[in-house]
Structure formats: C-alpha cells, structure tokens
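Contents: one structure, followed by commentary.
The values are calculated or read from the model by the stated rules, or taken from the named source; none is laboratory data. Fair warning: this is a prediction, and the values are worked out from it, not measured in the lab. All Cβ positions, even for glycine, are placed from backbone atoms using ideal geometry, and neighbour counts span all protein chains on display. Just the protein is used for accessible areas: all its heavy atoms, side chains included, with ligands, DNA and RNA removed. Shrake-Rupley method; radii C 1.70, N 1.55, O 1.52, S 1.80 Å.
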Amino acid sequence: MIKIDKLDIKKAHEGLVNGDFSAVDLAKACIKNIEEKDKDINAYLEVYDDVIKQAEYADKKIKNKDNITELTGIPIALKDNILNEGKTVSAASKILENYKATYDATVVKKLKDAGAVFIGRTNMDEFGMGSSTENSAFGVVKNPYDTNRVAGGSSGGPAAAVAISSALGSFGSDTGSSVRLPASFCGLVGLKPTYGAVSRYGLIAFGSSLEQIGPMGKTVGDVEILFNTTSGYDKMDSVSLPEDFYSKHKKKEKLIIGVPTHFMKEGIDEDVLENFNQSVEKLKSLGYEVKEITLPNIKYSLSVYYIVMPAEASANLARFDGVRYGLHKDGDSVIEDYFETRESGFGTEVKRRIVLGTHVLSSGYYDAYYNKANIVRNLIKSDFDNAFRNVDVILTPTSPTPAFKIGEKKDPLSMYLSDIFTVQANLTGMPALSVPSGSVVRDGKELPVGLQIIAPLLRENILFEIGKRFSGENN
Ligand code: GLN
C-alpha cells in the first residue's frame, strides 16, 4: 500500500504520471485511512460508492495521455453543501437528509473536467452555521491532533478528511471563517478567495454576500492548484467576476506587510500571540518590510457580521418549506405544514439565526440594525482600502486560540468570538489565506495554529507567493 500520508497533490501527480502508482492505488489508500481512522473522527457523512470507478476512469486518461491535469486522479473531499449531481447533499441538516443534488456545482464540474476523484461528502455545521462542527445534525467532527477537541468549523469534515490523509485536498465554504479556521485547527492551508472569484453556483446558500467556496490542502502550492482549477467567470453566478478582472498586476520587488497590533490586545491566548509575533519576525528575516497599521473600525466587525449574516441566512433558508426540497411534515393546514417541517428539520443554531435575521430585517428595526450594519460594513472596507495604500498584505492570527474542547463553548457568543480575525475578509470580499505557523501545547498535546494573510481584491497571487516563502515551499 502506498504511503499517502507522505504525499501532497504535487507529489501524487508526479507519482501518477511517472507510473509509480495508479489513481486506484491512491483511492484505495484513502478508503483504508477512512476505515481505520474515521470511526474516531467522523469527517465523512458518506463515502461515495463509485470512488474506484472514478479512479479507474482517471487511470485510463493518464494511460492515454488524455487531457491530464495536475488534478487527474487526485482524491478530493467535498463539504456537504456543494452539489454533486445524483449524490445526496444535506448541509448536515435533517431538513435535507435525503436530498439528492439535481445538478453539479460549477466547482464540481470543473474538478470533474480536470479528472479529480471525489472520495465523499464531509461533515459540517448545519448550513455552515458554526465554528466547531458541533452544530452538525450528524455528530461533531473530532480533531485528529486531539480527539477531545473540535476540528473547527464549519468545514470541520473537509479539514479532518485531509488531515487524516483520506483525501489530498478538499473544498469547504467560507462565510465568516469556515475554511480558514478548520484549516488552522487541523494544520492545513486554507483559502477564502476574493468574493466573485469562484462560482457559488451549486453551493447551498447561507450568507450570499459573504461566502465563497474555498480549498484546503497540505501545502500552499496545492491550494494554489485547487484555486486555479476552480476559479473563473461563470454566467450562472450573478456576482461572478469577469475574466479580465484577474488582470496580472505588476510584480513588486519588495512587498510590505501590515500588522494591526492594536487589534490583538485582548481575547487572544498568550502563546498564540507569541506564535504570531514569531511569524512576523520570520517574515522580516525573509526580507519583508513590516509596518504597523491602524484599522479604526475593525472592532465592529463581529457585530456587523452577526447582523448581516443572519439577515441573509433567514432569507436564504426561507426556501426550505417542506414543499420544494427535502423533509416534509404534515400539519393541519399548509401553514402548519411549514411550521412542523421547519420545527423538526432545523437545529437550534439555525433557528436562532432565522429569528435574529428576521428581526433585524423587520420593519421598524431594519434601519436600526440592518442598514446601520451595512454603513459600518462600508467603513470597515474603507479602513482596509486605506491600509492597502501603504502595505501589500495584512497579517493576523487565523484564530485567537488553538482547537478548543468539544462542549467547551457553551454559549453562542463565546463561539462567535472564534471568528474575530476572519470575518473582515468576508465583509470586504478580500482574499485571505491561512497557513500553518507552528503549534502550541494544551493538555500535553501539540495543537497546530495558523497565520492569516489578507490581500486586496484579486491578489491571491501575493498570498500564494508570501505563503510559500513563509512555509519554505520551493515555487
Ligand atoms: N463561524 C461563522 C458562523 O458561524 C462562520 C461560518 C462560515 O464561514 N460558514 O457564521
């Protein structure tokens, strides 16, 4: 059996084209890891029954040198809110438990065209609402570094799936943190792309103005491949950016890094801050200039996010009425059908957000909450635009803590604080990359932490450049 734990996408690609092993060998190694490890982790909601068939098809393409890409034969895991035609997709919710996708998400279509092999659909917080996967209707995902702890969320399944080498890359969705946070908790690289860079067609919508599908992998180079394969204009997504927006900007000789130290004064674990400061020093020693920056309105980010996001969620989730999709419960009247279906189909956190969202959108409160939040959202955006006049990227830790214990965050507000450094990229549309930056020790176990690099719109290439140098990757 091949040692898939030692492989990343680039190495696996070399092995496949050199004939060292086949796509079927890779797929079998993934399935073996799932059989051995996933009982304790719970990353997968379903392992597809046609994995070997997909891999055989990829092997045929490789053998015939038929449109081989860097992803041909590469095992990929999907978050359970990305549509894969004919397969179940539930958003880890009871309301969609037996729902089958009727078409492919654009991302899935692009990956199929590239020859990727889908291993299965993976666990998440219901509809993406959470930071720990504890809000899944199908059980929490445990962290492979310490199974008493969470793998992060909401894309806990896609992160853990790669961390146990049952896939070499995965796709999650990031509305406020959900790719970057689990990537940092599981020692992986994760990207939240520029808003509009990756099509949201076929993603079960949660916070439409905030979210992007984003990749996770073991290296920055792998995440770059996954991003390049899935990004690009799509007429099926009304906010998709036209191709010419991806203009190649001139390469700058010396990139300048901004650090908003004023935003890291409280609520962050001491050793996480120390790890962050070491990362800044490392980047300095690699030749980058580091500048202190101020983002005056950044302290309002979470408050703004927790008004805009539930407003959008409440509107998006109105479509689950027991008629068009998934679960249906019979009541005494049509209205009662809706109540019964939504009462038994949605979990507590989803209901909380529907209540919050409908409240902030209701007449009389719309101006006080939703409109005000949008005004402050623009102020936060201006803060970043101003900062980017003087610096090329901005650094923060990805999370204020390492992976926390399952059940530790009992009240929703303490959970919401996990996203203190990540929601800004969603409110402003900017791309942000989380790269592993070392570890801190809890209960005698080394837990990974991540460094977040934020760039101006469409500058993913700067993120990859700095991320690779920081991680010591060659190209
Ligand atoms: N943790 C955030 C929330 O609960 C973000 C989730 C996400 O990015 N999907 O909304």
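In this simple spin-label model, placing a label point 7 Å from the Cα along the Cα-to-Cβ direction at both D5 and A318 gives a separation of 5.1 nm. Across the accessible surface of segment 382-475, with the other protein chains kept in place and a 1.4 Å probe, carbon and sulfur atoms take up 50 percent. Translational diffusion of segment 415-475 was estimated from the Stokes-Einstein equation, with Rh taken as the Kirkwood radius over Cα pairs; at 37 °C and 0.692 mPa s the coefficient is 251 µm²/s. Note on Y233 and S471: the extension gain reaches 82.7 nm, defined as 0.36 nm multiplied by sequence separation minus the Cα-Cα distance. From zero outward in steps of 10 Å, how is the percent of C-alpha pairs of the chain spread across the bins? Result, from short to long distances: 4, 21, 32, 27, 12, 3, 0 percent.
Report, as a whole number in µm² per second, the diffusion coefficient that Stokes-Einstein gives for segment 334-475 at 10 °C and 1.306 mPa s using the Kirkwood radius over alpha carbon pairs. Answer, rounded: 86 µm²/s. Exposure here means at most 12 other Cβ atoms within 10 Å; with GluC sites (Glu not before Pro) in a DSSP loop as sites, the longest stretch of the chain lacking them is 1-252. Restricting attention to the chain, close to 70% of DSSP beta bridges with both partner residues there are antiparallel.
Round to the nearest 0.05 the FRET efficiency obtained for Q278 and F339 when R0 = 60 Å and r is the Cβ-Cβ distance. It comes to 0.65.
A DSSP coil position with no more than 14 other Cβ atoms inside 10 Å describes the following trypsin sites (Lys or Arg not before Pro) in segment 170-267: K235, K248, K250, K251, K252, K254, K265. Across the accessible surface of segment 112-219, with the other protein chains kept in place and a 1.4 Å probe, carbon and sulfur atoms take up 44 percent.
Along its first, second and third principal axes, ordered by size, segment 1-140 spans 45, 32, 23 Å in Cα coordinates. Each part reduced to its alpha carbon centroid, segment 126-196 and segment 212-269 end up 18 Å apart. A simple spin-label model places pseudo-atoms 7 Å from Cα toward Cβ; at I256 and R352 they are separated by 4.2 nm. With 0.36 nm allotted per residue and the present C-alpha distance subtracted, the R389-E289 stretch has 34.5 nm of extension available. Could you list the residues of segment 314-348 with an amide nitrogen less than 15 Å from a label point located 7 Å from the Cα of Y365 in the Cα-to-C-beta direction? Counting backbone N atoms under 15 Å from the label point, the list is 314-315.
Given a 1.4 Å probe, how much area per residue of the chain is accessible, in Å²?
40
Translational diffusion of segment 196-253 was estimated from the Stokes-Einstein equation, with Rh taken as the Kirkwood radius over Cα pairs; at 20 °C and 1.002 mPa s the coefficient is 167 µm²/s. Here segment 279-294 and segment 398-475 have alpha carbon centers that stand 17 Å from each other. Histogrammed with a bin width of 5 Å, the alpha carbon distances of segment 209-311 distribute as 2, 8, 10, 13, 17, 21, 18, 8, 3, 0 percent, first bin at zero. You can think of it this way: the chain between K445 and N461 has 2.3 nm of extra reach, that is 0.36 nm per residue less the Cα-Cα gap.
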